[in-house]
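In what follows, a single structure is set out as structure tokens and then discussed.
The values are calculated or read from the model by the stated rules, or taken from the named source; none is laboratory data. Computed from a prediction, not measured in an experiment: that's the story for all the values here. Backbone-built Cβ (ideal geometry, glycine too); neighbour counts: all protein chains shown.
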Amino acid sequence: MKNYHTKIISNQEISPGYFRMKVLAPDFGEKAHAGQFVMFRVQRSLPPLLRRPFGVFQTGFLPADCDGLPSKEFVEIVYKVVGSGTSIMAELHEGDKVELLGPLGNGFDTTTGPGEKILVGGGIGLVPLYMLAGELIANGCNVRLLMGGRTRDDIFAVTEFERLGVETHISTDDGSLGEEGLVTLVLERKLQKYPAAEVFSCGPMPMLSAVNDICTAHQTPLQVSLEESMACGVGACLGCVVKGAGHTEENPSYLCSCKVGPVFKSQYLDWSALKRNDDTLPGSEENCGGCS
Amino acid sequence: MNELHKKTAKRPNIAVEIAGIKLRNPVMPASGTFGYGEEYAPFLDLEKIGAIVTKGLSLKPKAGNATPRIAETTSGMLNAIGLQNVGIDAFIEHKMPFLRTVNTPVIANFFGNTLEEYGEVAKRLNDIPEIAAGELNISCPNVKQGGIVFGTDPKAASEVVTLVRKNLQKPLIVKLTPNVTDITVVARAVEEAGADAIACINTLTGMSVDIHTRKPRIANRTGGLSGPAIRPVAVRMVHQVVQTVSVPVIGVGGIMCAMDALEFLIVGAQAVQVGTANFVDPAAMLTIIDGIEAFCIDEGIGDIGELIGSLRV
Ligand SMILES: Cc1cc2nc3c(=O)[nH]c(=O)nc-3n(C[C@H](O)[C@H](O)[C@H](O)COP(=O)(O)OP(=O)(O)OC[C@H]3O[C@@H](n4cnc5c(N)ncnc54)[C@H](O)[C@@H]3O)c2cc1C
Ligand SMILES: Cc1cc2nc3c(=O)[nH]c(=O)nc-3n(C[C@H](O)[C@H](O)[C@H](O)COP(=O)(O)O)c2cc1C
Ligand code: FES
């Protein structure tokens with residue numbers, strides 16, 4: 001991992017509010033695994049202050065220039081405009097200078113052998129599944145991707161996934177593309193058909209939690225990628241932790257999601273805490289006088 | 001000054017000495033923003049910074065607060081990590097082996113939940129010869145005394161510093177909380193109790209609310225504000241403390257670049273700590289060190305001592 005002081009190669013809106021950005025990043029690809037992320041510095045001046053985390057969509061090489069120079073290596077991210085940082089990113093152009101820290105974190109474990117693999121991605125959660133699909137197919141697995149979104153605008157890169165050799169299945173809440181309904185219903189069906197499959201998922205917490213319930217019921221192994229707020233991305237600030245399985249007040253277990261994660265095997269997580277999502281409750285600790 | 005001139009100009013001496021510890025330059029990380037050093041080793045040469053300051057250590061491992069623990073605010077961030085740390089034993093076993101390989105003074109930041117715990121951690125630090133100094137975080141509540149924060153009460157602050165001073169056979173830096181009406185009162189109390197140096201400031205207690213969910217944005221409700229938003233407050237407090245005590249002062253709070261660090265040096269800080277800026281740019285300290293050196297060259301300053309405390313009023 002390294003802090004790249006680099007340049008944007010392209011930054012294009014692919015569907016309303018969704019952008020794909022390619023950034024020059026020599027030697028990034030050889031170190032990056034599916035499920036890892038980067039910390040992106042939006043601009044040199046403030047605000048926003050902190051870097052924003054984004055999953056690695058893919059790495060690759062631009063077609064070589066005709067002047068005989070070596071071809072350039074890039075990393076590509078896909079982001080959805082949701083707030084101040086991503087709004088500024090949407091305004092960036094080819095050639096603009098940016099900073100990118102990565103590849104960071106622990107990605108998906110793809111060494112679990114060949115067989116049936118079902119990938120479940122909700123909206124922007126499709127991002128880390130592209131490299132994952134590539135790695136799994138290279139390992140000789142059968143990969144089926146269940147893509148979910150609210151509307152057709154939330155579904156992207158379908159042909160690219162298919163070109164890898166992935167069987168895709170689309171569902172949208174409003175039926176504007178693919179099947180109408182939740183992606184988790186499709187997962188139920190697929191698990192009936194492929195009971196020995198392994199599942200990988202990334203997306204909003206309600207979806208992940210439903211995926212976890214289904215996989216638990218089928219005793220299906222599951223790996224999930226989580227999105228926690230981050231400050232450093234390198235394990236230094238301890239701001240990004242999630243509760244581990246078996247966490248209690250007396251015997252607490254907090255896992256650093258930028259270092260141990262962002263991908264976790266589902267059995268290591270405290271799902272009741274993740275689900276409740278009501279962690280924002282009055283402080284249980286003695287009121288901290290700004291003691292950090 | 002042109003580039004050629006800069007290269008040939010004599011390099012200024014920017015080394016400083018704090019409580020007997022020699023630092024190659026006055027720039028070090030602020031506790032809790034740099035892990036145990038190793039986390040940042042891929043991004044900057046740890047032998048180029050003045051010192052390494054560890055995450056706050058306690059006698060027993062500490063799990064920390066519920067999540068979410070951090071939230072960005074305008075030009076700053078709130079955090080309530082809850083002092084999660086591996087504990088002094090695991091620190092010695094798992095973190096010191098790496099730190100021993102780095103030729104840079106290591107300052108151990110530490111704290112306790114009770115007076116006795118503070119005293120015990122101080123003793124344990126004596127077992128680690130490579131630790132150059134202890135930095136005592138007194139921004140913590142005394143769980144035995146109704147949770148009053150040691151550092152907000154001059155008497156409690158004095159008590160804890162007296163005990164730690166007695167137990168610690170190393171230079172002692174005491175880190176002050178800004179959450180007080182008059183920081184000079186506590187500064188004087190800790191100096192009298194035996195502090196060899198003072199670091200200030202820790203984070204300012206703050207709060208932020210998500211207007212859609214109407215919940216506090218961090219689980220602990222309140223948290224410590226850090227980052228550029230707090231810098232003017234920090235500069236003011238360092239200035240006041242420098243005027244009050246005769247021990248060296250380390251300036252902390254919102255330093256993002258060399259110009260920010262220079263403000264602290266000019267009001268009289270002998271060294272500075274860089275916190276939140278590490279998250280924004282993992283090599284921020286190196287840029288700051290280079291910037292301080294360049295400023296000295298530009299201003300014709302041969303030794304950083306000429307700059308420290310040179311405020312004109
Ligand atoms: C490991 C990881 C991978 C991610 N991958 C992607 C990706 O590939 N594509 C994508 O569009 N988004 C991704 N996200 C979410 C993305 O980081 C946020 O959408 C983004 O930070 C929002 O920034 P903002 O300034 O526009 O929003 P604001 O709401 O203004 O941001 C305020 C703060 O909240 C944090 N924040 C806001 N939303 C999220 C969120 N969902 N998760 C984590 N932090 C958040 C921001 O980092 C920032 O510190 C990922 C998050 C994580 C942790
Ligand atoms: C995430 C985080 C964790 C911190 N942990 C500690 C700590 O363990 N001990 C301590 O004395 N200060 C701690 N601090 C306070 C910093 O050391 C520093 O005093 C404060 O952040 C102000 O400096 P800054 O604005 O440069 O960040 C922490 C700050 C942050 C942001
Ligand atoms: S984001 Fe700082 S420890 Fe994970």
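One residue stands out in region A:7-33 among those that are more than 14 Å from chain B (Cβ to nearest Cβ) and charged (D, E, K, R): the one that is surrounded by the most Cβ atoms within 10 Å (Cβ to Cβ), namely A:Lys22.
Going residue by residue through region B:214-222, is there one that turns out to be crowded, with 20+ Cβ neighbours inside 10 Å, modelled with pLDDT under 95 and within 14 Å of ligand 2 (Cβ to nearest atom)? Checked against the condition, which is being crowded, with 20+ Cβ neighbours inside 10 Å, modelled with pLDDT under 95 and within 14 Å of ligand 2 (Cβ to nearest atom), region B:214-222 yields at least one hit.
Restricting region A:240-271 to residues that are farther than 18 Å from A:Gly102 by Cβ and within 13 Å of ligand 1 (Cβ to nearest atom) leaves a set whose member that is nearest to the chain's Cα centre (by Cα) is A:Phe264. Checking region A:227-242 against the condition returns no match, with no residue being more than 16 Å from ligand 2 (Cβ to nearest atom) and more than 12 Å from every other protein chain (Cβ to nearest Cβ).
Cβ contacts < 7 Å: first residue closer than 14 Å to A:Lys22 by Cα and away from chain B (no Cβ under 14 Å), restricted to region A:88-110; second residue more than 16 Å from ligand 2 (Cβ to nearest atom) and basic (Lys, Arg), any location; separation 6+ or different chain. Result? Going by the 7 Å Cβ cut-off, the qualifying pairs are A:Gly95/A:Lys7; A:Asp96/A:Lys7. Looking at region A:91-110 only, could you name the residues that are outside any strand (DSSP E or B) and either more than 13 Å from ligand 1 (Cβ to nearest atom) or within 17 Å of A:Lys7 (Cβ to Cβ) (or both)? Once the filter is applied, which keeps residues that are outside any strand (DSSP E or B) and either more than 13 Å from ligand 1 (Cβ to nearest atom) or within 17 Å of A:Lys7 (Cβ to Cβ) (or both), region A:91-110 yields A:Glu91, A:Leu92, A:His93, A:Glu94, A:Gly95, A:Asp96, A:Asp109, A:Thr110. Here B:Ile250 qualifies as of a type outside the set (D, E, K, R) and under 27 Å from B:Glu192 (Cα atoms). Candidates are the residues of region A:234-271 that are of a type in the set (Gly, Ala, Ser) and more than 10 Å from ligand 3 (Cβ to nearest atom); the one that is farthest from B:Gln84 (Cα to Cα) is A:Ser266.
So that you can scan it fast, the table gives a plain yes or no per residue for (1) within 16 Å of ligand 1 (Cβ to nearest atom); (2) within 14 Å of chain B (Cβ to nearest Cβ); (3) part of a loop (DSSP other than H, G, I, E, B):
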{"site": "A:His5", "(1), (2), (3)": "no, yes, no"}
{"site": "A:Gly35", "(1), (2), (3)": "yes, no, yes"}
{"site": "A:Ala64", "(1), (2), (3)": "no, no, yes"}
{"site": "A:Phe74", "(1), (2), (3)": "yes, no, no"}
{"site": "A:Val78", "(1), (2), (3)": "yes, no, no"}
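Restricted to region B:208-235, and to residues there that are within 16 Å of ligand 1 (Cβ to nearest atom) and of a type in the set (A, V, I, L, M), the residue that is nearest to the other protein chains (Cβ to nearest Cβ) is B:Ala219. Can you spot a residue in region B:30-43 that is part of a loop (DSSP other than H, G, I, E, B), within 15 Å of ligand 2 (Cβ to nearest atom) and more than 15 Å from the chain's Cα centre (by Cα)? Within region B:30-43, not a single residue is part of a loop (DSSP other than H, G, I, E, B), within 15 Å of ligand 2 (Cβ to nearest atom) and more than 15 Å from the chain's Cα centre (by Cα). Screening A:Leu50 against (1) within 16 Å of ligand 3 (Cβ to nearest atom); (2) more than 25 Å from A:Leu136 (Cα to Cα); (3) away from chain B (no Cβ under 14 Å) leaves a single unmet condition, (3). Looking at region B:72-164, the strands (runs of 3 or more DSSP E) lying wholly inside it that each contain 2 or more residues that are more than 14 Å from chain A (Cβ to nearest Cβ) sit at B:106-110, B:131-137.
The numbered conditions (1) more than 16 Å from ligand 3 (Cβ to nearest atom); (2) within 13 Å of another protein chain (Cβ to nearest Cβ); (3) buried (at least 19 other Cβ atoms within 10 Å of the Cβ) are all true for A:Gly83 except (3). Among the residues examined, A:Val211 qualifies as over 25 Å from A:Gly102 (Cα atoms), at pLDDT 95 or above, crowded, with 24+ Cβ neighbours inside 10 Å and within 18 Å of the chain's Cα centre (by Cα).
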